[in-house]
Amino acid sequence: MIFLAILLVKFLFPDFTTVKLTDLLLHPTKENEWTCVKSNKGIQLYERWVQINDTLFVRERKGELITNCSLKKTEDYLRDHSTVCDWMKGIKSAQSISTDSGQLVHMVIQLPWPFSNRDLLARYHFYKIDGKTSVVQVKSDKTVTMPDNRFIRIKHYVATWRLEQINEQQTKIVFETFSNEAPIFPQWIQEPVLKKIFMSNLKRLKSRLSDSQTQ
């Protein structure tokens, strides 16, 4: 249970390097190419190695799927902060709060004892690339101080979805996530668990989006 809890924190709230949006989504500068490591129920999981420094190499992950949901409904679903509780395991709450710098989302992730719950202050960004392509990004915000000793604050987090319209009823989703932290456990122990969590969340997302199309 403790091992799974640690991995859950690493997956949901990884530590990120600072990159431009175009570098993250449209023009990757990292040397290694993506490799498909798993495919199940129409969802492909890709990985590639990224060199952080002279001694640390970590995996960057990407998920691709096609959902039976229009581009507009997919955008609306992912831009709605409350939906993260429906498809991502571990999120206890996601509430919008007003600050001097605009609207932020306060998320709480619940972990089993003996771990303390984590929280995150995040800002949602929406970019319309063209009529058939858009980007939704969730990124931690460091401009606001909101002390709360009930939680351990997650200081670095980015999640990015690239959405591409296939037709009026289908949308392709490309989800990217990257952690530059050194592994807590040996790679051969940690990686199978992380892959399982990643794939399970994307399956749940695909199912929720398909359900929303019929509503």
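The values are calculated or read from the model by the stated rules, or taken from the named source; none is laboratory data. Remember, predicted model here, so these are calculated numbers, not experimental data. Quick reminder, even Gly has a Cβ in these numbers, built from the backbone with ideal geometry, and neighbours come from all protein chains shown.
Descriptive notes on the structure:
- Residue within the stretch 151-165 that is surrounded by 20 or more Cβ atoms within 10 Å (Cβ to Cβ), more than 29 Å from ASN68 (Cα to Cα) and not acidic (Asp, Glu) present: no
- Among the residues of the stretch 38-86, those that are of a type in the set (Val, Ile, Thr) and more than 24 Å from THR133 (Cβ to Cβ) comprise VAL50, ILE52, THR55, VAL58.
- Restricted to strands (runs of 3 or more DSSP E) entirely inside the stretch 30-149, those with at least 1 residues that are within 16 Å of MET199 (Cα to Cα) and touching a Ser or Thr at 6+ places or on another chain (Cβ under 8 Å) are 43-51, 57-67.
- Residue count for the stretch 92-118, restricted to those that are among the β-branched types (Val, Ile, Thr) and buried (at least 18 other Cβ atoms within 10 Å of the Cβ): 3
- Residue within the stretch 119-139 that is at pLDDT below 80 and surrounded by fewer than 15 Cβ atoms within 10 Å (Cβ to Cβ) present: no
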